[in-house]
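Report on the structure given below.
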Amino acid sequence: MSIQERFVKSDARDFMTSYLESLALVERLHRLLLDVIKDEFERLGLLDINAVQALLLFNISDNEVTAGELKSRGYYQGSNVSYNLKKLVEMGYMHHQRCEIDRRSVRVRLTEKGRKVRDHVQDLFSRHAEGMEKNGFLGSEGMSDINGSLRRMERYWSDQIRYIY
């Protein structure tokens, strides 16, 4: 094997190692985000709602949506979103009503109680963003670089799914 072939194989191995590290980081960061939200809610004494449900309320925000819309936007898995929406309605965090056009479809929106949870999550994220920038962990340029890379990875994975079917 030539020196050039060894470098090519070494570069491919290095890229694969970096790719696997990125996958592990994305997975760990998501779990850590849920832990951070859980800890914040425990500190606030909001014990009847879990982190996934709080994030769902945050992402819905002031919109009125269906479970299908949340799934199609790629935020949540099918049974997970349906279960959590049902629980949030039962606990009074969301209103629901049948869609006038398609009676099988249910539209949901936040109640005042749900908006308070959304605001708590917004405040948490605002404090974190301010702290990261203020303490020099990550600035605007670094955040833009990360977001650009993650968007390209998302686009690549989406393309892979489209080509399967």
Next on the checklist: Condition check: at pLDDT 95 or above and either out of contact with any Pro (no Cβ under 7 Å at 6 or more places or on another chain) or part of a loop (DSSP other than H, G, I, E, B) (or both). Does Gly92 satisfy that?
Outcome noted: yes
Checklist entry - modelled with pLDDT under 95, charged (D, E, K, R) and outside any helix (DSSP H, G or I): does that describe Arg107? => result yes
Checklist entry - Is at least one residue of the range 42-53 within 20 Å of Leu29 (Cα to Cα) and touching a strand residue (DSSP E or B) at 6+ places or on another chain (Cβ under 8 Å)? => result no
Next on the checklist: I'd like the residue in the range 126-165 that is open to solvent by less than 100 Å² (accessible area, probe 1.4 Å) and in a loop (DSSP other than H, G, I, E, B) and, out of all such residues, is farthest from His30 (Cα to Cα).
Outcome noted: Gly136
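For Leu25, state whether it is part of a helix (DSSP H, G or I) and farther than 20 Å from His95 by Cα.
Yes.
Residue-by-condition table, conditions (1) surrounded by 11 or more Cβ atoms within 10 Å (Cβ to Cβ); (2) in contact with a Lys or Arg (Cβ under 6 Å, 6 or more places away or on another chain); (3) among the small types (Gly, Ala, Ser):
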site: Ser18; (1), (2), (3): no, no, yes
site: Ser22; (1), (2), (3): yes, no, yes
site: Val36; (1), (2), (3): yes, no, no
site: Val52; (1), (2), (3): yes, no, no
site: His95; (1), (2), (3): yes, yes, no
site: Arg104; (1), (2), (3): no, no, no
site: Val108; (1), (2), (3): yes, no, no
site: Lys116; (1), (2), (3): yes, no, no
Next on the checklist: Just to be sure I understand, how many residues within the range 5-30 are under 17 Å from Leu150 (Cα atoms) and of a type outside the set (Ser, Thr, Tyr)?
Outcome noted: 12
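The values are calculated or read from the model by the stated rules, or taken from the named source; none is laboratory data. Just so you know, these numbers come straight off a predicted model, no measurement behind them. Cβ: placed from backbone, ideal geometry, glycine included. Neighbour counts: every protein chain shown. To get the accessible areas, we keep the full protein, side chains included, count just its heavy atoms, and leave off ligands, DNA and RNA. Shrake-Rupley method; radii C 1.70, N 1.55, O 1.52, S 1.80 Å.
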